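Chemist: Let me give you the structure first, and then I'll get to my questions.
The values are calculated or read from the model by the stated rules, or taken from the named source; none is laboratory data. Predicted model, so just to flag it, every value in this text is computed and none were measured. As a convention, Cβ positions derive from the backbone with ideal geometry for all residues, glycine included, and neighbour counts pool all protein chains shown.
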Amino acid sequence: MSDIITQGSTQLLDALREAKRPAYVCTIASSETAAIEGLSIAGASAEMRRYTPPADMECLFYGHARSIPGIAATPDGIPSPVIITMASLGLTKLPVFVVDAGCEVPPQTPYFRVGDRPADSILSGRSVPNAAELYERGWHLGEQLARVTDYLLLAESVPAGTTTALAVMLALGLDAHGKVSSTMIGGANELKRRTVESAFQAANIQPGALSTDPIKAMELVGDPMQPVVAGMALAASRQVPVMLAGGTQMAAVAAVIAALRAADGTGAASASDLPGAGTTEGADRLCIGTTRWILDDTTADLLDLARQVGEMPVYAADLDFGKARYPGMHPYEAGLVKEGVGAGGSAICALSYGGVSKAVLLERIEGVYADTVLPMLEGNVA
């Protein structure tokens, strides 16, 4: 399909087009890492970033946020990629499931609650002390979800999640510096590098030190989304295809999954004793779905990260906002925002399973923008 960029086998893309009952699942979480100045603009301020994950989910259910006025946006007013997800899910009518892995502000929607606390900053050296428990809960939830769907799209909304992704991938031994993307132009790679170095000092670890213990890596320098989605993906992929719907944050999840699959009982107990560890069952049912903007990001390299975790197929929705009706959408083409809330994966679903054209999808996104963002700009949101 010309509207979808493919890297690797197209088998799982074909499976999505032929699916009978795909489902969208978004895992949300908060992390004190997002309060570090300059790491994230997934929200107009550090205070507002507390509300970005619940607001994104509320938009999917109600067409607008309830935790905040209107919709989550950057400090410059560029809307959350949830506008893409809203349009795509509106066209495909996929069921929406929300998983709270540890939000500071819970969403005003129906949701599965698998975590009871936000993450501490990775600068603490122990950001997710309940990572093993989160993984196991994610595993059992993934088992159940696989029984009610034939294709799962697993998305996320976690401000500063690319920094925790970088930290976890480095702890696992990946060559990840300068390869994670960001809501910002330029990726804040130098700040991320310094932040992760400080986190490693606090945790008393070196890059690659936890290559056989991904649970410990997430416990020390990760965020709550990672173990939950890794558990869901590992369990569900034994039965159905699973798309990790996101950018380089999902590369970190893929790295965790690869490390767990490689567990042979001789490594760390926290890894080898968990369900799904040491088995390759379902490895050919996992892929990453993202947006063209992530692949075009010259300050990141998702494709190389995907190769490092086992030649995982990567698909990207070839979206183009350059000629969008509303100027507020144009900054996506300059490298701002790019991905989140499963925007790329849900758009791929609309273009394949939904059978719509890129032009139709763009028109629907413009409609969502007009309904949600324009009232904010005009001061008509209570």
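Chemist: Could you please find all residues in segment 222-258 being of a type outside the set (S, T, N, Q), part of a helix (DSSP H, G or I) and in contact with a Ser or Thr (Cβ under 6 Å, 6 or more places away or on another chain)? Please lay out each step first, then the result.
Modeler: Here is the first cut: in segment 222-258, the residues of a type outside the set (S, T, N, Q) are 222-225, 227-236, 238, 240-247, 250-258.
Next, only the ones that are part of a helix (DSSP H, G or I) stay: 225, 227-236, 250-258.
If the condition is that a residue be of a type outside the set (S, T, N, Q), part of a helix (DSSP H, G or I) and in contact with a Ser or Thr (Cβ under 6 Å, 6 or more places away or on another chain), then MET225, VAL228, VAL229 are the ones that fit.
Chemist: So which residues in segment 309-354 are surrounded by fewer than 24 Cβ atoms within 10 Å (Cβ to Cβ) and either touching an Asp or Glu at 6+ places or on another chain (Cβ under 7 Å) or of a type in the set (Asp, Glu) (or both), if there are any at all?
Modeler: Listed by number, the residues that qualify are GLU311, ASP318, ASP320, PHE321, GLY322, ALA324, ARG325, TYR326, GLU333, GLY335.
Chemist: Need a quick list: helices (runs of 4 or more DSSP H) entirely within segment 45-125 having at least 1 residues that are surrounded by 24 or more Cβ atoms within 10 Å (Cβ to Cβ) and of a type in the set (S, T, N, Q).
Modeler: On the way: elements: 46-49, 52-62, 82-92.
The qualifying helices (runs of 4 or more DSSP H) are 52-62, 82-92.
Table: residues versus (1) crowded, with 24+ Cβ neighbours inside 10 Å; (2) acidic (Asp, Glu).
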{"residue": "GLU197", "(1), (2)": "no, yes"}
{"residue": "GLN201", "(1), (2)": "no, no"}
{"residue": "THR212", "(1), (2)": "no, no"}
{"residue": "ALA217", "(1), (2)": "yes, no"}
{"residue": "LEU220", "(1), (2)": "yes, no"}
{"residue": "PRO227", "(1), (2)": "yes, no"}
{"residue": "VAL240", "(1), (2)": "no, no"}
{"residue": "MET243", "(1), (2)": "yes, no"}
{"residue": "GLY247", "(1), (2)": "yes, no"}
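Chemist: Among residues belonging to segment 173-190 that are of a type in the set (A, V, I, L, M) and buried (at least 17 other Cβ atoms within 10 Å of the Cβ), point out the one that is nearest to the chain's Cα centre (by Cα).
Modeler: Our first condition is that a residue be of a type in the set (A, V, I, L, M); within segment 173-190, this holds for 174, 176, 180, 184-185, 188.
In the following step, the residues that additionally are buried (at least 17 other Cβ atoms within 10 Å of the Cβ) were identified as 174, 176, 180, 184, 188.
Details: LEU174: 19, ALA176: 17, VAL180: 12, MET184: 16, ALA188: 18 Å.
Filtering segment 173-190 for residues that are of a type in the set (A, V, I, L, M) and buried (at least 17 other Cβ atoms within 10 Å of the Cβ), the one nearest to the chain's Cα centre (by Cα) comes out as VAL180.
Chemist: How many residues are surrounded by 24 or more Cβ atoms within 10 Å (Cβ to Cβ), under 13 Å from VAL337 (Cα atoms) and not aromatic (Phe, Trp, Tyr) if we restrict to segment 276-293?
Modeler: Matching residues across segment 276-293 total 2.
Chemist: Can you report the number of residues in segment 126-140 which are under 24 Å from ALA202 (Cα atoms), of a type outside the set (A, V, I, L, M, F, W, C) and surrounded by 22 or more Cβ atoms within 10 Å (Cβ to Cβ)? Walk me through how you get there before you give the answer.
Modeler: To start, the set of residues in segment 126-140 that are under 24 Å from ALA202 (Cα atoms) comprises 126-135.
Then keep just the ones that are of a type outside the set (A, V, I, L, M, F, W, C); that gives 126-127, 129-130, 133, 135.
Still in the list and also surrounded by 22 or more Cβ atoms within 10 Å (Cβ to Cβ): 127, 135.
Going through segment 126-140 one residue at a time, the tally reaches 2.
Chemist: Here's a follow-up. It is to be established whether one or more residues within segment 172-185 are part of a helix (DSSP H, G or I) and either modelled with pLDDT under 95 or out of contact with any strand residue (DSSP E or B) (no Cβ under 9 Å at 6 or more places or on another chain) (or both). Walk me through it before giving the result.
Modeler: Going through segment 172-185, the residues part of a helix (DSSP H, G or I) turn out to be none.
Looking through segment 172-185, none of the residues is part of a helix (DSSP H, G or I) and either modelled with pLDDT under 95 or out of contact with any strand residue (DSSP E or B) (no Cβ under 9 Å at 6 or more places or on another chain) (or both).
Chemist: Within segment 366-379, is there a residue that is closer than 24 Å to GLY186 by Cβ, polar (S, T, N, Q) and part of a helix (DSSP H, G or I)?
Modeler: Within segment 366-379, not a single residue is closer than 24 Å to GLY186 by Cβ, polar (S, T, N, Q) and part of a helix (DSSP H, G or I).
Chemist: To continue, here is another question. LEU123 versus (1) more than 27 Å from ALA370 (Cβ to Cβ); (2) under 19 Å from the mean Cα position of the chain (by Cα); (3) of a type in the set (A, V, I, L, M): which is the lone unmet condition?
Modeler: With respect to (1) more than 27 Å from ALA370 (Cβ to Cβ); (2) under 19 Å from the mean Cα position of the chain (by Cα); (3) of a type in the set (A, V, I, L, M), LEU123 is out only on (2).
Chemist: Now for a different question. Does GLY208 qualify as being in contact with a helix residue (DSSP H, G or I) (Cβ under 8 Å, 6 or more places away or on another chain), closer than 25 Å to PHE112 by Cβ and at pLDDT 95 or above? Give the steps one after another, and end with the answer.
Modeler: Details: in contact with a helix residue (DSSP H, G or I) (Cβ under 8 Å, 6 or more places away or on another chain): yes; closer than 25 Å to PHE112 by Cβ: no; at pLDDT 95 or above: yes.
When the stated conditions are applied, GLY208 does not pass them.
Chemist: OK, next. Please tell me if LEU154 is more than 17 Å from the chain's Cα centre (by Cα), buried (at least 24 other Cβ atoms within 10 Å of the Cβ) and over 24 Å from ASP76 (Cβ atoms).
Modeler: no
Chemist: Pairs, please: C-beta under 6 Å, at least 6 apart or cross-chain, first residue in contact (Cβ under 8 Å) with a residue 40 or more places away in the chain and in segment 141-169, second of a type in the set (Ser, Thr, Tyr) and in a strand (DSSP E or B)?
Modeler: What qualifies is LEU153/TYR24; GLU156/THR27; ALA160/SER31.
Chemist: Something else: Where residues in segment 33-44 are in a helix (DSSP H, G or I) and of a type in the set (A, V, I, L, M), which of them is nearest to the chain's Cα centre (by Cα)?
Modeler: Quick first cut of segment 33-44, residues in a helix (DSSP H, G or I) only: 33-35.
Now narrow it down to the ones that are of a type in the set (A, V, I, L, M): 34-35.
Details: ALA34: 15, ALA35: 19 Å.
Checked segment 33-44; the qualifying residue nearest to the chain's Cα centre (by Cα) is ALA34.
Chemist: If a residue must be under 12 Å from the mean Cα position of the chain (by Cα) and of a type in the set (D, E, K, R), how many such residues does segment 217-238 contain?
Modeler: Adding up the residues that qualify gives 1.
Chemist: Let me ask something else about it. Do we have GLY344 as among the small types (Gly, Ala, Ser) and under 18 Å from the mean Cα position of the chain (by Cα) here? Give the steps one after another, and end with the answer.
Modeler: Numbers: among the small types (Gly, Ala, Ser): yes; under 18 Å from the mean Cα position of the chain (by Cα): yes.
Considered against the rule, which asks whether it is among the small types (Gly, Ala, Ser) and under 18 Å from the mean Cα position of the chain (by Cα), GLY344 comes out as yes.
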